[in-house]
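Read through the structure below, which is laid out as structure tokens, and then see the notes.
The values are calculated or read from the model by the stated rules, or taken from the named source; none is laboratory data. Remember, it's a predicted structure, so these values are computed and weren't measured experimentally. Glycine gets a Cβ as well: all are built from the backbone with ideal geometry, and neighbour counts include every protein chain shown. For the accessible areas, the whole protein counts, side chains as well, though only heavy atoms, and no ligand, DNA or RNA atoms are used. Shrake-Rupley method; radii C 1.70, N 1.55, O 1.52, S 1.80 Å.
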Amino acid sequence: MAAGARWRSFSLAGGFAFLYVPILWIIVYSFSAATVVGVWKGFSWRWYAGLLDNEDFRLAAERSLLLAVVAATLATALGTLAGYALARGPRVVGRRPLAVLLGVPLFVPEILVGFSLLLLFVALESVLGVPVGKGLVPLVAAHATLGLPVVASVVYARLAGTDRHYEEAALDLGARPPRVFLTVTLPLLRPALASGWMLAFTLSFDDVVTSSFLAGPSATTLPLFVYSSIRIGVTPEINAVGTLIVVTVAACVVIAMLRGRLAAQARLPPARDAGPQ
Amino acid sequence: MTSAAAAGTVELRGVAKSFDGQPILRPLDLTVAAGEFLALLGGSGCGKTTLLRIIAGLEVPDAGGVRIGGRDVTSAPPYERPVNMMFQSYAVFPHLDVAANIGYGLRAAGLKPAERLALVEWALALVRLEGLARRRPEQLSGGQRQRVALARCLVKKPAVLLLDEPMAALDRNLREEMQRELVRIQRDVGTTFILVTHDQDEAMSMADRVAVMEAGRIVQCGPPREVYERPANRFVARFVGRVNFLEGVVRESTSAGCRVACGPFEVRVAGAGAPSAGSACTLAIRPERVAVAAPPGAFLNELEGVLAATAYFGDFVRAEFRLADGSRFEATLAAGAPAAGGPSLAPGESVRLGFDADAVVVLGP
């Protein structure tokens, strides 16, 4: 028994070490005063201070934040409509295949998503005659594509678990469908919208693959900045950038999870089968 | 009758509905007068909730028509009907406080805040929830939530109020209080109420008329007393109250009544409309019309039964007998009264059971 317990704690510790030691290593050394990566020479904020003066870093970070906010918002708007249509729309034949199709971007290789979007935008460029092939606009579209299925499935799950009677009661009280959606459905969805937005933000903020196809020289995002920097040479500055990215993404994921748990605690009455009685 | 009162009439003609090829409502007709309190009574799956949802506009019937206040609303959406529905789950909006819940329908109708406030206060007083206007739904008890759901409907001053199993989630004491309260409110506002319930006591004690449903049909519709005392068939007799059945063959039938042979006994039945001599029939006798250990000759009909068991219910005792052919026969006795030996009977004793000719109902097929 005791040996078994020891073995379990050991394997648990090993698993977590495997996951977290490399990240912790980066975080720890981002505070080292040494100019060589992997050498400890006392605590220092110098790399963080140096970042503030780095114009390229500042631009990339601002661009990434703006991109993630816009893309997450777009993904939330479109994903909510998709999830709502799947959960509350008419019971058409093929609704289930549609739900599966919506999730396809989740398991299609990202490199294909990026490549196909690049081809699409280049083709659009020749049709429209406007240079939209690279830059922030295609990045927003691409990142919204990444986030949409996630938001749609979160919204769908929330609606499927919510009693239809709320919406029926609103209709019965004289509200037309658009008002019902705005004043009943959306407020009931609020926790799902918050966590869906956070997840879409995270997907956009740390995306490299799709962005590397579409960013172009004028729209370098923060992960692309890191990637191109380490090709020149690894500097401790990159450790500081990595730490900032980890903190931002972790904050989003934790908030999304907390919202999800709060929503589960304030659980609404279970959906009653709307079948005949 | 004023036109405002007539707005509360509900007429269903040939309404039918099926889900996935499964018929839930067979073509049925129903007319509810303005200001009437009608109960739709039936077991689960009989179609009573579907019928209510069709009146509310939440389901569209496959066939037939719905008229409310004389206007054809068969294909009108719920938000264009002068009807409001109280859901079994109450469906009180969890993100709005009590006042906003009650004012929801008024807001949808475009009323100004001042008008809304006055009406919400009127509705809060009507359901006796004054002072709780700012509470959130999760801070309310089940009974209070139900009152919010009721007020939210009544504040719209609907011509017809639909109630889907409103008492199902309440405990027994609260249920009886709310039943009285609902009857009071119905008298006060004069709205047509249509209540769906599986609880026969609830239907009988509250409604002006009871419609008993079975397998998508209305099998009998009438005042509670009529449904109880003259049930149309075996299903109604058994669903509404307790009943004894005797199978027999009609010996003689006259305009004043008939004589029916039930095994070794002969039962006299009062009243016209009996089936002709020679036909088989079922007789129904309510347990409370049966006298236990009746003196000989006191009643027109007499059976011999052996006491099998008694059950004590506080205000009455239910005694179960076996007849000569082995069938069950029940009688109820007032527990307090020193009724003809009732409580002192011992199981296994043979007793004379008496009942009058007018206590017997000949049931249809």
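Restricting the chymotrypsin sites (Phe, Trp or Tyr not before Pro) of the range A:78-153 to loop positions (DSSP other than H, G, I, E, B) with no more than 13 neighbouring Cβ atoms within 10 Å leaves nothing. The mean count of C-beta atoms from other chains within 10 Å of the C-beta of residues in A:157-168, rounded to a whole number, is 3. For the range B:135-253, what % of the accessible area comes from carbon and sulfur atoms, probe 1.4 Å? Carbon-and-sulfur percentage of accessible area, whole number: 42. Modelled label positions at residue A:254 and residue B:19, each set 7 Å beyond Cα in the direction of Cβ, lie 4.6 nm from each other. Against the main long axis of the alpha-carbon atoms of chain A, helix A:186-205 sits at an angle near 30°.
Placing pseudo-labels 7 Å out from each Cα toward the beta carbon at residue A:137 and residue A:35 gives an inter-label distance of 4.5 nm.
For the range A:51-106, the list of trypsin sites (Lys or Arg not before Pro) that fall in a loop by DSSP and count at most 13 other C-beta atoms within 10 angstrom reads A:91. Helix-only estimate, please: 222 nm mean residue ellipticity of chain A, summing -39500 (n - 2.57) across DSSP H runs of length 4 or more and dividing by its residues, to the nearest 500. Rounded to the nearest 500, the figure is -24500 deg cm²/dmol.
Counting Cβ atoms of other protein chains within 10 Å of each Cβ in B:22-29 and taking the mean gives 1. Inter-part distance, the range A:185-209 to the range A:74-142, computed on C-alpha centroids, equals 16 Å. Checking every one of the trypsin sites (Lys or Arg not before Pro) in the range B:190-261 against DSSP loop status and a limit of 15 other Cβ atoms within 10 Å picks out B:242. Cross-link partners for residue B:156 among the lysines, with Cα-Cα distance under 28 Å and sequence neighbours closer than 8 places in the same chain left out: B:48, B:112. Could you state the angle between the C-alpha long axis of helix B:113-126 and the longest principal axis of the C-alpha atoms of chain B, as a value from 0 to 90 degrees rounded to the nearest 10? Once rounded, one gets 20 degrees. Note that the protein assembly as shown shows a convex hull volume over its alpha carbon atoms of 280 Å³ per residue. For chain B, modelled as a GNM whose springs connect Cα atoms under 10 angstrom apart, the maximal fluctuation among B:189, B:219, B:92 occurs at B:189. If each Cα of the range B:138-219 is one equal point scatterer, what is log10 of I(q)/I(0) from the Debye formula at q = 0.20, 0.25 Å⁻¹? Treating every Cα as an identical point scatterer, log10 I(q)/I(0) equals -0.98, -1.40.
Both radii were evaluated on the Cα set of chain A; the Rg over Rh quotient, with Rh as the Kirkwood radius, amounts to 1.06. Selection among B:233, B:95, A:136 by position relative to the dipole of the protein assembly as shown gives A:136 as farthest towards the positive end (Cβ unit charges, Cα centre). Fully extending the segment from residue A:232 to residue A:106, taken as 0.36 nm per residue of separation minus the present Cα-Cα distance, adds 42.1 nm. Ordered from highest to lowest accessible area with the whole protein assembly present and a 1.4 Å probe, B:300, B:345 read as B:300, B:345.
Close amide-amide hydrogen proximity is noted between residue B:219 and B:212, B:213, B:214, each under 5 Å apart and 5 or more residues distant or on a separate chain (H modeled in the peptide plane; Pro and chain starts excluded).
The C-alpha atoms of chain B define a longest principal axis, and helix B:98-108 lies at about 70 degrees to it. Measuring from centroid to centroid over Cα atoms, what is the spacing of the range A:1-35 and the range B:257-316 in Å? If you average the Cα positions of each part, the centres end up 86 Å apart.
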